[in-house]
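To start, the structure under review is shown below, and the notes come after it.
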Amino acid sequence: MTLRSHSARLLLIGQGAWFIGIVLISVVGSIFFGHFMPSLYAVVHQIGIRLVALAILIYAISFIIPSRQSSHEVPIATKVAWITCWSFAILLAVLLFFNVQPEALVALHLLFLGWAGTLVYGMGYLLFPALLGRPKVSRGASLTQLWMAVGGVSLMAIAFGAMEQLWWIPRPFVVLATGGTLATIAALLYVGFWLRKPQVTRLG
């Protein structure tokens with residue numbers, strides 16, 4: 001059986017786990033057990049969250065493995081961002097398995113700034129030069145911006161986890177401020193890359 005067929009089967013399992021998990025969390029648990037049987041609602045809710053976590057984990061593994069074997073010509077920053085964003089997703093899934101609630105600050109920052117934000121950065125380095133007519137960002141500059149963003153999000157997630165008593169670190173507010181500063185600088189650098197003058201193609 002080929003790697004592609006394995007990935008397709010994994011994705012189908014992930015879609016099923018995602019659908020059932022969302023139904024348990026938002027429909028079955030809230031409507032049938034939320035007011036009348038709160039103890040059963042808590043059990044159904046946790047099962048739903050774990051199914052969603054399983055789906056995220058399956059998606060991440062399915063997308064990381066083919067990307068490591070890809071030979072397509074894409075910027076190195078895009079490859080690094082792709083693997084990194086799904087690594088954030090794996091970390092999010094693990095936390096959800098261990099009873100971290102989806103609305104917790106550490107989970108939200110891993111989801112939006114870690115997973116989605118890093119994905120946007122990586123796809124931008126691949127697509128924006130053609131879509132916006134801007135010059136490509138150098139390898140060094142793109143990787144510097146990307147690792148600043150990843151470092152910033154990681155520090156923020158660590159700080160929020162400590163503030164929510166998931167683990168302990170010294171001076172979590174200092175760690176949070178450092179991570180927020182790095183993430184903000186990285187975002188501003190990224191925007192600045194695409195505000196440069198468009199490339200001009202001379203004819204003749």
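The values are calculated or read from the model by the stated rules, or taken from the named source; none is laboratory data. Just so it is clear, the structure is predicted and the values come from calculations on it, not from any experiment. All Cβ positions, glycine included, derive from the backbone under ideal geometry; neighbour counts span all protein chains shown.
Screening Ile169, Ile185, Ile158 for residues that are part of a helix (DSSP H, G or I) and under 25 Å from Glu103 (Cβ atoms) leaves exactly one candidate, Ile158.
Output the residues belonging to region 127-147 that are assigned to a helix (DSSP H, G or I) and surrounded by 19 or more Cβ atoms within 10 Å (Cβ to Cβ).
Filtering region 127-147 down to residues assigned to a helix (DSSP H, G or I) leaves 127-132, 139-147.
Scanning region 127-147 gives Ser142, Gln145, Leu146.
For region 149-166, the set of residues classified as out of contact with any Gly (no Cβ under 9 Å at 6 or more places or on another chain) and free of Cβ contacts under 8 Å to residues at least 24 places away in the same chain consists of Ala162, Gln165, listed by residue number. In the condition set (1) touching a Phe, Trp or Tyr at 6+ places or on another chain (Cβ under 8 Å); (2) crowded, with 18+ Cβ neighbours inside 10 Å; (3) among the aliphatic types (A, V, I, L, M), Val150 is compliant with all but (1).
Residue-wise test of (1) in contact with a His (Cβ under 9 Å, 6 or more places away or on another chain); (2) buried (at least 19 other Cβ atoms within 10 Å of the Cβ); (3) at pLDDT 80 or above; (4) assigned to a helix (DSSP H, G or I).
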site	(1), (2), (3), (4)
Ala17	no, yes, yes, yes
Val43	no, no, yes, yes
Leu51	no, yes, yes, yes
Tyr59	no, yes, yes, yes
Ser67	no, no, no, yes
Lys79	no, no, yes, yes
Pro102	no, no, yes, no
Leu111	no, no, yes, yes
